[in-house]
Structure formats: structure tokens, C-alpha cells
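The values are calculated or read from the model by the stated rules, or taken from the named source; none is laboratory data. Quick caveat: nothing in here was measured; it's all calculated off a predicted structure. Cβ placement follows ideal geometry from the backbone for every residue including glycine, while neighbour counts extend to all protein chains displayed. Side chains are part of the model used for accessible areas, which takes the heavy atoms of the whole protein and leaves out ligands, DNA and RNA. Shrake-Rupley method; radii C 1.70, N 1.55, O 1.52, S 1.80 Å.
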Amino acid sequence: MKKTISFIGYFFVTVSLLFLASSLVTNFKSIPSFNFNYKAVIGLVVATFFCAGVTAIISVAWQILIRGGDIKIPFKQAYIIIGKSQIGKYLPGNIFHYAGRLILGRQYGIPTEAIILSTGVETLIIAITGLAVAVTGFLFSNIFGDNILFVLSSINLTRIIVVLLITVPVVLILGIAAYFLLPIQGWLKSRLNYFNIGRILVSVLLYTIIFIFFGLSIAFLINFFWAVKTPLHWYQFVWSFAMAWVIGFVTPGAPGGIGIRETILVGLYSQELGEGLAIALSLTLRVVTSLGDLLAFALAYYLERT
């Protein structure tokens, strides 16, 4: 059984790397020309390290959330699992990084239930955090107001509505069953520890830092790659990226939010930056995040071997 899980894990990682490489090459070729000087190199390196640092933050948050199942794992182990599984999000379907985490976690002897429940709580918290950051920024900013209609019109609402029509009834049925069936009530009560308020608040803080990292990455790319001055501040990139991330996250079938996130960012930034620069920025950001995931994977692989 252990050999089978290991084989599946190696196969998953190999296929994910191939898709990541394909995405990296495709997006890099699509970037409009720019002056690649030492400033561009600095911006690329800094932004890549910011994106790679996201994996470390997710690892810390997951290490905290999985304690809800009385499972304590060292940071190194959590980072190896997250760092190697994150590249699975580039596979079509937008769920395979979770499958990869399950496979790799099982290799380290972590119970399946603990992985699934902690990952489910993580997904819920990070989605709510991203939505809160996006809504807060939108309410307290007068930037991008005219572009929101374009963003809304570019979303494939049909797929999202279909997912909601399937998900909401299932959740309601499970909730009603849990209310009336005593065995299910007992099972749920014994697992409420995953929703410990202290751990949730720490996780929200960590996920907020992730969106700040991405916002800073965008600011670095604009300042160092193209050296243009914009009316936009770094914190406006934070909440606008959070909006694009959430929409890409909830849109089914978009691997890593590819295509969706870029469309949203172009729609938001075109008026302030110009359409050409907005397109170049969104594609460059995709390359940088891919490089960050690749760097995180390489570090995780190294840590596993040492």
C-alpha cells in the first residue's frame, strides 16, 4: 500500500511539473517586450521570492489548523507537503493541489481525515479572507469603480451558479441530517476543534499577509520592470488582486485561476495603467507566481532529501 501511494505521489508531481513548465513557457512568450536590465532582474527576483514566501505562510497556517485533529507536525514536514503539492493547482480542475496534499500527507503517515478536514477549513478561511480584503478595499477606495462593471461582465456566472446550485442543496441536506441524526451530531461535535477561534484568527492574519505579499509583488514589478509612476498605491494592488484571486478561485475548471485572474486584473488596471501595460503586468505576474511555486517546490524537494 505504501509503495502504491509513493508511486501515485511521484506520478502526480511529475505531471504537475510538466503542466507548470507549459504554463510558464506559454505566458513568458506572451509578455510584450520590455527593457530587461538590472532593475528588471531585481524586480523579478524580489517578486519571485515574495510569491515563494506564500508557500511558507500557507505551511504555517496548515500546521496550525491541523492541530484541530490533535495532529502536530513540524514546519519542515508541513512545508515539504505544501511545497510539493502546490504545483498541482496548474493541472486542469483547480483541485489537484488538494489531492496532492492528501497523497503526500499520507506518505508521512498523517491520517486522511485530518488532512481533509484541515484543508477544508483552510479553503473556507482563505476564501472568506480574500473576499473580506477585496470588499474592504473596494468600499474604502474610489479607484477601479468604473471598471467593476467590466469585471462582472467578464465572469462566467453560469459555471459558478451551477456549482452553487449543486453545493448549497448538498450542504443543506447534510446540515438537516446532522441535526436529526444523533450519531452525526456526535461526530460533528468531536470535530468542532478544527474551528478553534484562536487558530482561525491566526490563520486569517497569515492569509491576509499572503494577499499583501502579492500586492507588493505587483508594485515591485511596475516600479522595476517598467519604471512607470502610477496613481495606484501598493495597498490598492492588494485588494484588487484579492478580488481577482477570489473570482479565479471560485470559477470551476480554471487551473490556478489561469485566464480568469488575468482577465480581471486587465479589466481593473487598464484605465489607470493603459491596456498594454495592464496585459503585460498580468502575464508577468503569472510568470512570477509560477517561478515562485517552482522555487518553493525546489526548496521542498531539497528539504525532503536532507
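Before moving on, here are some points about what is shown:
- Tally of residues being modelled with pLDDT under 80 and within 17 Å of Ser217 (Cβ to Cβ) across region 240-257: 3
- Qualifying positions in region 100-118 - open to solvent by 10 Å² or more (accessible area, probe 1.4 Å), part of a helix (DSSP H, G or I) and closer than 18 Å to Leu65 by Cβ: Leu102, Arg106, Thr112, Glu113, Ile116, Leu117
- Screening region 205-227 for residues that are open to solvent by 50 Å² or more (accessible area, probe 1.4 Å) and aliphatic (A, V, I, L, M) and picking the one that is farthest from the chain's Cα centre (by Cα) gives Ala227.
- When the residues of region 86-99 are filtered to those that are under 17 Å from Phe297 (Cα atoms) and in contact with a Phe, Trp or Tyr (Cβ under 8 Å, 6 or more places away or on another chain), the one that is surrounded by the fewest Cβ atoms within 10 Å (Cβ to Cβ) is Ala99.
- Residue check: Arg261 meets all listed conditions (1) surrounded by fewer than 20 Cβ atoms within 10 Å (Cβ to Cβ); (2) at pLDDT below 80; (3) among the basic types (Lys, Arg) but one, namely (1).
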